[in-house]
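Presented below is the structure to which this report refers.
The values are calculated or read from the model by the stated rules, or taken from the named source; none is laboratory data. These numbers come from a predicted model, not from an experiment. Please note: Cβ atoms are built from the backbone with ideal geometry, for glycine as well, and neighbour counts cover all protein chains shown. Heads up: the accessible areas ignore ligands, DNA and RNA and are worked out on the full protein's heavy atoms, side chains in. Shrake-Rupley method; radii C 1.70, N 1.55, O 1.52, S 1.80 Å.
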Amino acid sequence: MHNISKSSIYVGTICILGISVFLLNFDSTFNFDANNWSTILFLVISVILLNHFIIVIPPNGNGLSMDSAIYLASAFIFGIELTLAVLLWSSLIWVLYERKILWWKQLFNFSIYSIMIIGAYYSFVITGGNIGVIDIDQLIPYFISLSIYFSLNVALIGIFFILNGTESIFTLIKGMIKETITSYLTTLVLSIILAILLTSQQNFGLFLFTTVVVLLSIVFKQYFLLYKEVAKKANVDELTGLYNHSYFKEILDDYLINKKPDQLSLAFLDIDDFKKYNDNYGHIAGDELLKYFGKILKETCEKDDFFVARYGGEEFAVILPNMGGRETFLYLNKMRKKLNDSYFKGVEVLPYGCLSFSCGVVEYEKGIYNSTEFIGKADQAMYRAKLEGKNTVHLFNENDLETTMLDYEKEIEHLEQQVRFFLYKDVYTYQHSKRVYQYAKLFANELNLSNHEKKLLVLGALIHDIGKIEIPRNIINKKGKLDAYEWEMVKNHVIWGKEIVATNKSLEGLLPLVELHHERYDGKGYPHGLKGESIPKLARILCIIDSFDAMTTERPYQPTKSFPEAIEELKKCAGTQFDPKYVPLFINMIKAHYTNLMFSSSNAILDKGEAASTVEQAK
């Protein structure tokens, strides 16, 4: 026996509830005379037309049907019995018209409309609304009625999607309100307009209203098609017909921030020796080669629903959702071999005598900070493929980045010069940065990190508080407790630090450490409130080091802890403020390297004499 899902039980429950309230409120003895049947006929025709001629709203093409305006106006003027008759007949006709829609969806939709219409009707009556007349001096019942209609719609549809597990509750509610609130305000206004028309010129008013909405639907559809055409031109590379660089970045950000598939890989491809081909045959022939390559790439990838773009020049990018790095490597390698076997005029002059590409592949991991870092790793993997002799696919690993790192000692010297800016307003911060840097050097060697990660951790430790250069001196040196305004300014140092570091492209890898070293493992940190492993690994490690030194250093606004006291604090906060995986490892490192300070009240690694000497050097 198959397990029945929660969403199936929910659909069944709503269908039973909807049909029940429909039957309880549908009076079969209602006087359906010729005049009423005429009204029902016109209303049903209008509902069917408005369901067919929906208003398409750019940019996403969301459909807006105005049938709710007819149901509400009908309830305001003709009452619940006639309105439910209109719902019943229009639903039956729509079932025959849209036979491809599953029966349970049709029944679910009918039940939801029944609940919404009946709920809106009774809320209108209870709050003093008068059936059959429109009193524009008493608009509150109309607003309450529509609010109930809107709330029931959001709740009934929202619960279904939540049970299906397609969206988080917060994302779903936020999205539904954002997408529907404007349309429902429009529905309210139109329902009142239609009700006024129905009271003065009943059938002609309905005809006029329907005609205007149908014409609006046609106009909006033409506008949407025009919008799509313009948007396509803005997003598509004119030469190859593939998507362009800017749209690629937009789509990649959407995957990382919103869609978040279980697996995501990125591939960068570069046509080998394209310049040589261009030099031999000219730019026109080179353009033809780019178009040919783009066509093969598109035909191969788009049938698997992968996103393909021309990144620039002879570089192309592919986004592969729900595919791991190893699978992507095999996929692209198969494509590479297929391309080698295809013929394009003039490829004989190329070193391999065939059309080939070098490709870098990287799989998304939680520690990747943003799309820029993701792209950077794919680019480095592609660069590595070039170094390996071209015509190959290379799967990224951290050691690929070492070939692009500046000389380690020069980097430290360069960063230390920048950090010395602190000395003119905050000698304590400079000392703190140097101590954190020394802790980081020792701790990095105790951890299972790649050489590249070790360098990032050490360099990030040295520069992590550079944003404090923007904090006024009177706040930096304040001995008392900071007020709320001052504390907010201090918290902003991570943002200012990020902005300072971002001006130097070679330091891009340090951005997560500078910006995120005050995030907490439990999600209560700043600036973004990231939680758990959504915080990059190195930032989690730096948070422990930074906090330990802050606790064990004499500061104007807090008492100093001894090393044993600070260690107990780390243990206490493991799993809340700190990553519990790294706390024991850091404690072991401290115990191993600072045995003398485990029983000493003097904890500073740099003494005051060394600090004063450093200040004089900076001056």
Inset, instruction - Select from the range 264-288 the residues that are crowded, with 21+ Cβ neighbours inside 10 Å and assigned to a helix (DSSP H, G or I) and list them in ascending order. - result: TYR277
Inset, instruction - Quick one: which residue in LEU96, LEU107 is of a type outside the set (Phe, Trp, Tyr) and either open to solvent by less than 60 Å² (accessible area, probe 1.4 Å) or within 20 Å of ASN25 (Cα to Cα) (or both)? - result: LEU107
Legend entry - Some residue of the range 240-260 being β-branched (Val, Ile, Thr) and not in a helix (DSSP H, G or I): yes
Inset, instruction - Could you identify the single residue in PRO564, PRO584, PRO580 that is touching a helix residue (DSSP H, G or I) at 6+ places or on another chain (Cβ under 7 Å), open to solvent by 30 Å² or more (accessible area, probe 1.4 Å) and not in a strand (DSSP E or B)? - result: PRO564
Inset, instruction - May I ask you to list the residues in the range 111-146 that are in contact (Cβ under 8 Å) with a residue 24 or more places away in the chain, aliphatic (A, V, I, L, M) and touching a Gly at 6+ places or on another chain (Cβ under 8 Å)? - result: ILE112, ILE115, ILE131
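A quick yes/no check of all residues on (1) assigned to a loop (DSSP other than H, G, I, E, B); (2) modelled with pLDDT of 80 or more; (3) touching a Leu at 6+ places or on another chain (Cβ under 8 Å):
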position: GLY128; (1), (2), (3): yes, yes, no
position: ILE136; (1), (2), (3): yes, no, no
position: PRO141; (1), (2), (3): no, yes, no
position: SER147; (1), (2), (3): no, yes, no
position: LEU152; (1), (2), (3): no, yes, no
position: LYS178; (1), (2), (3): no, no, no
position: ILE181; (1), (2), (3): no, no, no
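Inspect the range 473-491 for any residue being in contact (Cβ under 8 Å) with a residue 12 or more places away in the chain and within 26 Å of TYR582 (Cα to Cα) and give the result as yes or no. Write out each step before concluding.
Pass one, the range 473-491, residues in contact (Cβ under 8 Å) with a residue 12 or more places away in the chain: 473, 475-482, 489-491.
From what is left, the residues that are within 26 Å of TYR582 (Cα to Cα) are 491.
Looking through the range 473-491, at least one residue is in contact (Cβ under 8 Å) with a residue 12 or more places away in the chain and within 26 Å of TYR582 (Cα to Cα).
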Legend entry - Test result for GLU554, within 30 Å of the chain's Cα centre (by Cα) and at pLDDT below 90: no
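Considering only residues that are at positive phi and part of a helix (DSSP H, G or I), which ones fall in the range 523-553?
Let us first name the residues in the range 523-553 that are at positive phi, namely 523, 529, 532.
Scanning the range 523-553 gives a single hit, GLY532.
Determine if the range 411-418 includes at least one residue that is over 30 Å from HIS528 (Cα atoms) and either at pLDDT 85 or above or touching a strand residue (DSSP E or B) at 6+ places or on another chain (Cβ under 7 Å) (or both). Don't jump to the end; show me each part of the working.
As a first pass, look at the range 411-418 and keep what is over 30 Å from HIS528 (Cα atoms): 413.
Of the ones still in play, those that are also either at pLDDT 85 or above or touching a strand residue (DSSP E or B) at 6+ places or on another chain (Cβ under 7 Å) (or both) are none.
No, there is no match, as no residue in the range 411-418 is over 30 Å from HIS528 (Cα atoms) and either at pLDDT 85 or above or touching a strand residue (DSSP E or B) at 6+ places or on another chain (Cβ under 7 Å) (or both).
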Legend entry - Hits in the range 299-317 - residues which are of a type outside the set (A, V, I, L, M, F, W, C) and crowded, with 19+ Cβ neighbours inside 10 Å: ARG310, TYR311, GLU314
Inset, instruction - Considering only residues that are open to solvent by less than 60 Å² (accessible area, probe 1.4 Å) and assigned to a loop (DSSP other than H, G, I, E, B), look in the range 358-380 and name the one that is farthest from GLY294 (Cα to Cα). - result: GLY367
Inset, instruction - Give the residue that is nearest to GLY523 (Cα to Cα), with candidates limited to residues of the range 564-619 that are over 37 Å from the mean Cα position of the chain (by Cα), modelled with pLDDT of 50 or more and of a type in the set (D, E, K, R). - result: GLU568
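Mind checking which residues of the range 381-398 are within 24 Å of ILE535 (Cβ to Cβ) and surrounded by fewer than 22 Cβ atoms within 10 Å (Cβ to Cβ)?
ASN397, GLU398, listed by residue number.
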Inset, instruction - Filter the range 202-245 for residues that are modelled with pLDDT under 90 and of a type in the set (Gly, Ala, Ser) and give the result. - result: GLY205, SER217, ALA231, ALA234
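Take the range 567-577 and flag every residue that is in a loop (DSSP other than H, G, I, E, B) and either buried (at least 17 other Cβ atoms within 10 Å of the Cβ) or without any contact (Cβ under 8 Å) to a residue 12 or more places away in the chain (or both).
Here is the first cut: in the range 567-577, the ones in a loop (DSSP other than H, G, I, E, B) are 575-577.
GLN577 - this is the single residue of the range 567-577 that is in a loop (DSSP other than H, G, I, E, B) and either buried (at least 17 other Cβ atoms within 10 Å of the Cβ) or without any contact (Cβ under 8 Å) to a residue 12 or more places away in the chain (or both).
Residue by residue, here is whether (1) at pLDDT 90 or above; (2) closer than 25 Å to GLN263 by Cβ; (3) among the charged types (D, E, K, R) holds:
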{"residue": "TYR277", "(1), (2), (3)": "yes, no, no"}
{"residue": "LYS291", "(1), (2), (3)": "yes, no, yes"}
{"residue": "THR300", "(1), (2), (3)": "yes, yes, no"}
{"residue": "TYR311", "(1), (2), (3)": "yes, yes, no"}
{"residue": "ALA317", "(1), (2), (3)": "yes, yes, no"}
{"residue": "LEU320", "(1), (2), (3)": "yes, yes, no"}
{"residue": "LYS338", "(1), (2), (3)": "yes, yes, yes"}
{"residue": "CYS359", "(1), (2), (3)": "yes, yes, no"}
{"residue": "VAL362", "(1), (2), (3)": "yes, yes, no"}
Legend entry - the range 477-512, residues that are over 27 Å from LEU456 (Cα atoms) and open to solvent by less than 60 Å² (accessible area, probe 1.4 Å): LYS478, GLY480, LEU482, GLU486
Legend entry - Filter pass, GLU515 being open to solvent by 50 Å² or more (accessible area, probe 1.4 Å) and either closer than 19 Å to TYR582 by Cα or within 30 Å of the chain's Cα centre (by Cα) (or both): no
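Of all the residues that make up the range 330-357, how many are assigned to a helix (DSSP H, G or I), open to solvent by 40 Å² or more (accessible area, probe 1.4 Å) and not aliphatic (A, V, I, L, M)?
Filtering the range 330-357 down to residues assigned to a helix (DSSP H, G or I) leaves 330-341, 347-349.
Cutting the leftovers down to open to solvent by 40 Å² or more (accessible area, probe 1.4 Å) gives us 330-331, 334, 337-338, 341, 348-349.
Imposing the further condition that a residue be not aliphatic (A, V, I, L, M) reduces the set to 331, 334, 337-338, 341, 348.
Within the range 330-357, residues that are assigned to a helix (DSSP H, G or I), open to solvent by 40 Å² or more (accessible area, probe 1.4 Å) and not aliphatic (A, V, I, L, M) number 6.
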Legend entry - Matching residues in the range 41-73 - criterion: being of a type in the set (Ser, Thr, Tyr), buried (at least 24 other Cβ atoms within 10 Å of the Cβ) and modelled with pLDDT under 90: SER46, SER68
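For the range 524-561, what are the residues that are of a type in the set (Phe, Trp, Tyr) and either closer than 16 Å to THR576 by Cα or surrounded by 23 or more Cβ atoms within 10 Å (Cβ to Cβ) (or both)? Even if it seems obvious, please write down each step before you answer.
Looking only at the range 524-561, we keep the residues that are of a type in the set (Phe, Trp, Tyr), and these are 526, 548, 557.
Within the range 524-561, TYR526, PHE548 qualify.
Based on this model, can you work out whether TYR292 counts as open to solvent by 20 Å² or more (accessible area, probe 1.4 Å) and more than 15 Å from LEU239 (Cβ to Cβ)? Break it down into steps so the answer makes sense when it comes.
On the way: open to solvent by 20 Å² or more (accessible area, probe 1.4 Å): yes; more than 15 Å from LEU239 (Cβ to Cβ): no.
Criteria not met by TYR292.
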